[in-house]
Amino acid sequence: MILKSIGLILPLLSCEGRVQFVPAAEGVGNRDLQGMPVFCCTNRFNGYQRCHADSRCNSSENECNKPRKCGEGNTWALAPAPKIGCCSFDESTTCPLNVYDEMPQCHYFKADCEACEGTWISLTEAPTTAPTNAPTLPPTTSPTDAPTTAKPTTVPTMNPTSNPTNGPTINPTAAPSNPPTSNPTKVPTNAPTTAKPTPNPTNGPTKDPTPAPSSPPTMNPTPNPTKDPTKNPTSAPSPAPSTQPTPNPTAGSTPSPTPKPTTPSGPSNEVNGEVGVPITPSATDSVAVSLPPSVSGSLLIIYKVSDDNEHDVQVGRSYDGLNWETLHPLLLSIDCQESPCVLDIPAYTGSSNVQYIIREYVPPAPTDDQKHAKLLLQGTYGPTQESLQEARNLGSPEAWVRDQIDKPASLHRVHYRQRANGYVKNALRHHGVRDACERGSRWNRHAFNRWRDIGKTIEEIPTSSGSIYLKVDGIVRTEVPNRPSAEYNIPTTSYVICRKDPNQDSMRMSDFHYAASAGQYGTLLVASDSASCAMPISIEMPSVQFTDATDAFGSALPQVTLMDISGDPNVIEAKLLDQLGSSSCDDFKKTWPNFVQEQGTGLYYVEDRRLELYDNTNSSSTTKSGMLGNRCPRVPRTFLNEDTCIPRADCGPPVFSGEFTLTAENLRKFYEIDNKYVYRLSNLPLVGTNNPCRTNTNRFVRKDFDNDSSGCASDSGPEFPSIVTAIETYLGGLSDPSSAIVIDIEDTSMGCTDNNDDSLGGSFSVTIPGGSQACFTHSYQYEYSVFVMNDWAANHPGNPSAFRESNPNPIAKVAEHENLSGNVEESVVLNFPTWGFH
C-alpha cells in the first residue's frame, strides 16, 4: 500500500489507539423540544441511548433499515430507552448504578438479556415526573358526609312552595361553615373530613335544586317559625361542608330527606406525648399524638411495643432540636407543618397488648481521648496509637490542625505508586511495562496467566520423546508427561481456559499458582469451547517445565539469577529478576511471554509482565523513554508544576521523510520488534458517509488487489460512468497507479446525481493506465487506515465482555494468535465485526 506522503501516515500512527468515528452531535435526534425521548434510528449495542449519527437514518423507519447507509443492527425505537430493569450474570437480584456502562446491549430489554444468556431483573416502576391534573380516586360508593353543593342557602325563597310541610323543622342549623375552596387540591384527602356519614339515607332528591348557592345565611335562626310553612322544605343541611371538595362528584342525590339533621362526630383522640409515658391506641379511632421537641445533644425515639414482637419497633425520631421524622418499616404519618409535630397512630383492634412510648437518649460527655479520636477520624484515615498520643500532646484541635499544616505533605498517591503492581498488556501514554531483561521484572512457575490467557485455547502437541507440549497461540508453555485430556476426561485435545464456574461458589476462577515446596498447586478450569465454560473441568495447574528447551523454542533460554519476594505471605511462588548472568537483553523478546532458567536450581520460569511506574518529580526526573510512540512518561501541565516541567529533546516521536510502503510484513514488525498492536482497519460501516454524488471528498479502496484483474463481480460503474472517469483520472496522475490500494479523491465533483444512495458503498470497474482492470470500492473515510491499537487492546469496552464470557481479547488476538495459514494479512488486519455499529 503506497501512501502519498509521510504527512498522511504519521498522524495515524501517533494517534493514541482510537479510530475517530464521526459521533452524533450532542443531543441530536434524542429529544424533542419538550425534552422527551423520541423515536429514531438507534442500536442495541449503545443501549438504545443515542440516535444514529446520520440524520437521514433518523428520518424514517425505512431509512433506518438500510444497512448500506446506516449500518447493521439498527432498529426504529424510542431513544434514550428507559431503565426498566437489568441483566444479571452472577445471581445478583439488584441493578447497580454502573451496570449499564458495561454490555449495554443486554440491560435495557428482557429479550436482549435472554439473548445475552442472563437473568432479567425488573425495576420497580418509577413515579411520574409531574403531578396529574386531577385526583385519581374514584367516586365513593356511599353517601358523602357533606352536601355536594358548595354552600347552603342563606335566605328563604321569595315564594312559598305549593305544598306546606306539617310543621317547622325540628332543629334549625346553627351557623354555616366557612365556604369551601374554589379549586380542588392537587392531592385528594385520605379520608372523609367528617367523622361518620348519616345513619340513614334521605328518601329522595329535591325536584328543583338551586343552580348555585345564594348569599350567606343569617347567623341566628328566627325566634318564631312562619305561620305558613313552605310546602316543599329542604331536606336539612348536613353538619358542615368539608374543607375540600370530594375528588369527583357523587353519582346522584340521596333518595329521601332524613327525619332530622345529623350531628357530626368529634375529632380523633388527641394526646400530648411525654417521655416515658405509654400511649395506648384506640380500638375505633386514630390517636393524634403531639410529640415533644428534642433539644441539642439529645435523641428522642418513639417505639411501638407489642407482645407479638421480640424487639421494639422504631416509629419516629427527633434529635438536636430538629423536626420529627418517620422511620421504616411502619412509616406512620408525622405532620410537622405546625408546632408541635403530630403523630397519627392508627386504630388497633388486635388482641395483643400494644403501646407506644417515647424514650430519650442523652449520651455522656466524651472523654478527651474520644474527642481526639473523633478529630483523627475526621482529619485522617483513622487514629492509631501513635497519632492518638500525638493529638494528646498537642492538646486542642486548633493546635493539631496547625501542626498538620506545618508538616511536609505525605501523599496517598506516593504510597500507592510504591506498591502498584497491576497486570498490563503493553505500555500506554500514562504508564510503562517493565522489560523482561530489567532488574525487578517478575517471573512465575505456573504455566498460564490469570489475565492474559482467559479464553485462549490450549493445544496438546506430542514430542519426539513421547511427552506432551501444551501450546497457546503457537508458543510452548510447558511440557507434561501425559495428555491432560486423557487424564481428566476432556473430550478434545484442544480446550479453552475458562474464567469461572458459576455452579461452584468456592471456585469462582481458575486458581493461578504453583508452589511445589509449599505443597500448593493451583487449578485450571477448562472446557472444549467458550460456550461450555458454564460447566468446566478442573485440572491441576501445570508448572513450567522443559526436558529440552532448545527443542521447544529453537534455542537455549537465558540463564539468570532470581531473588525471592519477601514481606508478603500471599506471594508463594513468584520471583524477581536479579542478574542476567551470561545472558543479555538481546536474548529476550519484546512480546510476551519470555522464559528463563534459574541458575542453581535449574527451574524454569515464565514472565509475569507488570505495570511500571516512574519517579518523575522535581528532584528526581526519569530518564525513561520508549513508551507508546517513543514518547517519555509525562503528566498534564497544571498550576502546580508549570514552573518545573522540563522539556527533553529525546521525548518526541521519531521523524521520517520520504515515502515508504506499509505492507503486511512491515506492519507485523511493529508487534514482533516493539510489542505494538499496529493494524489496518477493514470493513468499517458507512456510518455518516454521503454517496459519491453528494460530496467532493471520497475514499475508494482496492480491496481484492490480487484477484480483480477482470474488474468487479458486481459493478456499479455502468450506472455511474462519471465516477469511473473520476477514478481513472486520479490514477492517471500517480507515478505507480498499478500498486495503488487506497485513493482519496478530494475537492472533485463526481458529476452525478444519486437520490437513492445506489452509489453508496458501490464497486466500480476501472481501467488502470497500461490497460489492466481493477475494482475500487467506495468506502468509509478511515477504511484501510493504519492505527496503533495499544490503547484499544487495554481499554476497549468489548474486552471485559469477552473476558467474562471466556473469550480472548478481541483486539489483541489478531496479533497474538498463531498464524497457521502463513498469510501475514490475518495478523495485521482488524476487521470490523459483522453484528453492526455500536
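The values are calculated or read from the model by the stated rules, or taken from the named source; none is laboratory data. Please read these numbers as outputs of a predicted model, since none were measured by experiment. For neighbour counting, all protein chains shown are included, and Cβ atoms are generated from backbone atoms with ideal geometry for every residue, glycine included. Accessible surface is based on the protein model in full, side chains and every heavy atom, while ligands, DNA and RNA are left aside. Shrake-Rupley method; radii C 1.70, N 1.55, O 1.52, S 1.80 Å.
Using a Cα-Cα cut-off of under 15 Å, which aspartates and glutamates could be cross-linked to Lys703, ignoring same-chain neighbours fewer than 8 residues away?
In chain and number order, the partners are Asp715, Asp744, Glu783, Glu825, Glu826.
Report, in debye and to the nearest 20, how large the dipole of the stretch 650-788 comes out about its Cα centre when Lys and Arg carry +1 and Asp and Glu carry -1 on their Cβ.
Dipole of the stretch 650-788, to the nearest 20 debye: 220 debye.
Quick one: which of 453-459, 584-590 comes out on top by average Cβ neighbours within 10 Å, and what's the full order, highest first?
Numbers: 453-459: 21.1, 584-590: 14.1.
The peptides rank, most packed first, as 453-459, 584-590.
Holding the Cα-Cα limit at 20 Å, pick out from Lys590/Lys813; Lys110/Lys813; Lys471/Lys575; Lys669/Lys813; Lys590/Lys669 the pairs that are longer than that.
Details: Lys590/Lys813 16 Å; Lys110/Lys813 31 Å; Lys471/Lys575 23 Å; Lys669/Lys813 16 Å; Lys590/Lys669 11 Å.
Where the Cα-Cα span goes over 20 Å, the pairs concerned are Lys110/Lys813; Lys471/Lys575.
Over the stretch 270-384, with every protein chain in place, what whole percent of the accessible area is carbon and sulfur at 1.4 Å, could you tell me?
50
What order do you get for 270-280, 81-91, 591-601 when each peptide is scored by the mean count of other beta carbon atoms within 10 Å, highest first? Mind dumping the intermediate values first?
Working: 270-280: 13.7, 81-91: 16.3, 591-601: 18.5.
Ranking, from highest mean packing down: 591-601, 81-91, 270-280.
Quick one: putting +1 on the C-beta of Lys and Arg, -1 on the C-beta of Asp and Glu, what dipole do you get for the stretch 329-395 around its Cα centre, in Debye to the nearest 20? Walk me through the numbers before you get to the answer.
Values: 4 positive and 8 negative charges, 32 e Å.
Charge dipole, the stretch 329-395, about its Cα centre: 160 debye, nearest 20.
Carbon and sulfur atoms: what percent of the 1.4 Å accessible area of the stretch 631-762 do they account for? Write out the running numbers ahead of the final one.
Working: 3590 of 7290 Å².
Ligands and nucleic acids excluded, carbon and sulfur give 49 percent.
Toward the positive end of the charge dipole of the stretch 666-796, about the Cα centre and with charges on Cβ (Lys, Arg +1; Asp, Glu -1), which of His778, Ser709, Ala794 goes farthest?
Ala794
If Lys and Arg each add +1 and Asp and Glu each add -1, what is the summed charge of the other residues whose beta carbon sits under 11 Å from the beta carbon of Tyr108?
That works out to +2.
Keeping every protein chain present and rolling a 1.4 Å probe, give me the accessible area per residue for the stretch 652-724 in Å². Let's see the in-between values first.
Details: 3660 Å² over 73 residues.
With the other protein chains kept in place, the stretch 652-724 gives 50 Å² per residue.
Over the stretch 343-419, average the accessible area per residue using a 1.4 Å probe and give it in Å², no decimals.
Working: 5840 Å² over 77 residues.
Accessible area per residue, the stretch 343-419: 76 Å².
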